[in-house]
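Dropping a structure here in structure tokens format, bear with me for questions.
The values are calculated or read from the model by the stated rules, or taken from the named source; none is laboratory data. What you see is a predicted model, and the numbers here were worked out from it, not measured in a lab. Quick reminder, even Gly has a Cβ in these numbers, built from the backbone with ideal geometry, and neighbours come from all protein chains shown.
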Amino acid sequence: MGCKRSELRVKRFGELLSETIHVTMRRVFGGSSSELIYRLMERQAFLKREEVGEKIEAFQGYLQKLVGSEVAQIILATSLKGLCAELQREYEEIETYFSFLDELYDVKFRLLAPLLKEDRSVYN
């Protein structure tokens, strides 16, 4: 089961990375140009857009050939910053959710504590 869970995390990470790269590509090249790059990449490098996050080395190599090393580096660095921001946002949402659950548990405990004391006194 642990292996399946780690596979899901890797897949999820790859999807997040692919999406972040796609957003960066659209910002840098615009919508139609980035679509053209993806079509060329699929035909010439046999690499689909959704595979980019899992095959980052192949994507980087193709992008370097197409637009040059400096531009490819900028795209990847910007995408990495975007990915970190997205992961931080998700982490903060999860942290807020667990904080809410802790508060809810605390309220529930305070409400039930008097009842638990009454139950114990009945059995004594």
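Yes/no per residue for (1) touching a Leu at 6+ places or on another chain (Cβ under 7 Å); (2) at pLDDT 80 or above:
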{"position": "VAL67", "(1), (2)": "no, yes"}
{"position": "ALA72", "(1), (2)": "yes, yes"}
{"position": "ALA77", "(1), (2)": "no, yes"}
{"position": "THR96", "(1), (2)": "no, no"}
{"position": "SER99", "(1), (2)": "no, no"}
{"position": "LYS108", "(1), (2)": "no, no"}
{"position": "LEU116", "(1), (2)": "no, no"}
{"position": "VAL122", "(1), (2)": "no, no"}
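Does SER69 satisfy being polar (S, T, N, Q) and either touching a residue at least 40 places away in the same chain (Cβ under 8 Å) or touching a helix residue (DSSP H, G or I) at 6+ places or on another chain (Cβ under 7 Å) (or both)?
No: the conditions fail for SER69.
Same structure, new question: Could you give every pair whose Cβ atoms fall below 9 Å, whose first residue belongs to the stretch 88-110 and is assigned to a helix (DSSP H, G or I), and whose second residue is surrounded by fewer than 10 Cβ atoms within 10 Å (Cβ to Cβ) and modelled with pLDDT under 75, counting only separations of at least 6 or pairs across chains?
none
Out of everything in the stretch 1-22 that is aliphatic (A, V, I, L, M) and surrounded by 17 or more Cβ atoms within 10 Å (Cβ to Cβ), what residue ends up being modelled with the highest pLDDT?
So, considering only residues that are aliphatic (A, V, I, L, M) and surrounded by 17 or more Cβ atoms within 10 Å (Cβ to Cβ), the one modelled with the highest pLDDT is ILE21.
Further, regarding this structure: Suppose we filter the stretch 50-81 for residues that are over 14 Å from ILE21 (Cα atoms) and among the small types (Gly, Ala, Ser); how many remain?
Of the residues in the stretch 50-81, 3 are over 14 Å from ILE21 (Cα atoms) and among the small types (Gly, Ala, Ser).
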